Structures are given as C-alpha cells and as structure tokens.
Amino acid sequence: MELTLIVDGKEKTFVAPFISGRMFRRTLEFQKKFKGDIDETTLDTAVDYVVELYGKQFDRDTFYDGIESKKLLSTITGCIDEVVDSVNGAIGDGGEAPNE
C-alpha cells in the first residue's frame, strides 16, 4: 500500500509496513464506525487510523495538510478496503486458513 502526500511542497510517498492481524481487526472495527454521518471527531479518528496503518511515518497534521480535500474521504475508505481485500484475497487464493 502506498500513499502520496504533499510535504514541504513536494510529493512524498509512504509505504505501509507489515499489516498485522491486530491492524486487520482494528480495520474491521473502524469500518463499522465509518459508515453514516461524518463529523470532525469521526474524521480525526479516521485520519488517526490511516496514520497508524502507515506505521506513524507521518502525523495527523501532515496528512490533513498533504492530502487534496477531494481525495480525503476516498483515500481513507481506500485504505480500509485495501486491508480488508488483501485478507479476503489471501483466503480466496489458498492463503493460510485458521488453525493450520
């Protein structure tokens, strides 16, 4: 997973590190919360999730300042979808099943 932000006037690409099972679990929890009305608190929580997903390579302010406003929500939902899809894909592609 990659995310490009504008940092100090230049594009900087971040790569998500190893995504643990715990992060997948957190993604599922967050996915439920991120449906419906979005207010400032929910948005901050969503951005904090992305910051954590990318191993805290940047902070909340860097994300807000470096992402184009029209891409903000699609980037967050894209991160959620990519984590969930990667696990679902591994299961469908003969990935390791539980208790193996």
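The values are calculated or read from the model by the stated rules, or taken from the named source; none is laboratory data. Please read these numbers as outputs of a predicted model, since none were measured by experiment. Here the Cβ is made from the backbone with ideal geometry for all residues, glycine too, and neighbour counts use every protein chain on show. For the accessible areas, the whole protein counts, side chains as well, though only heavy atoms, and no ligand, DNA or RNA atoms are used. Shrake-Rupley method; radii C 1.70, N 1.55, O 1.52, S 1.80 Å.
Numbers at a glance
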| read-out | value |
| --- | --- |
| Surrounding net charge for residue 2, when Lys and Arg each add one and Asp and Glu each subtract one, Cβ distance under 14 Å | 0 |
| Listed candidates [x] -0.67, -0.99; [y] -0.29, -0.87; [z] -0.41, -1.00 - label of the one calculated as log10 I(q)/I(0) by the Debye sum over Cα atoms at q = 0.10, 0.18 Å⁻¹ | [y] |
| Where trypsin sites (Lys or Arg not before Pro) fall in DSSP loop in the range 1-74, at most 13 other Cβ within 10 Å | 35, 56 |
| Residues of the range 1-90: accessible area per residue with a 1.4 Å probe, Å² | 64 Å² |
| DSSP-loop GluC sites (Glu not before Pro) across the range 1-88, with at most 12 other Cβ within 10 angstrom | 68 |
| Phi-based couplings in Hz for the range 40-48 (Karplus 6.51, -1.76, 1.60; Gly and Pro marked x) | 4, 5, 5, 5, 4, 5, 5, 5, 4 |
| Point-charge dipole on Cβ atoms (K/R +1, D/E -1) for the chain, about Cα centre, debye to 20 | 100 debye |
| Accessible surface of the chain [probe 1.4 Å, protein heavy atoms]: carbon and sulfur percent | 47 percent |
| Solvent accessible area, Å² - residue 81, 1.4 Å probe, full protein context | 80 Å² |
| Per-residue ³J(HN,Hα) for the range 29-37, Karplus 6.51 cos²θ - 1.76 cosθ + 1.60, θ = phi - 60°, Hz, x for Gly and Pro | 4, 5, 4, 5, 6, 8, 9, x, 5 |
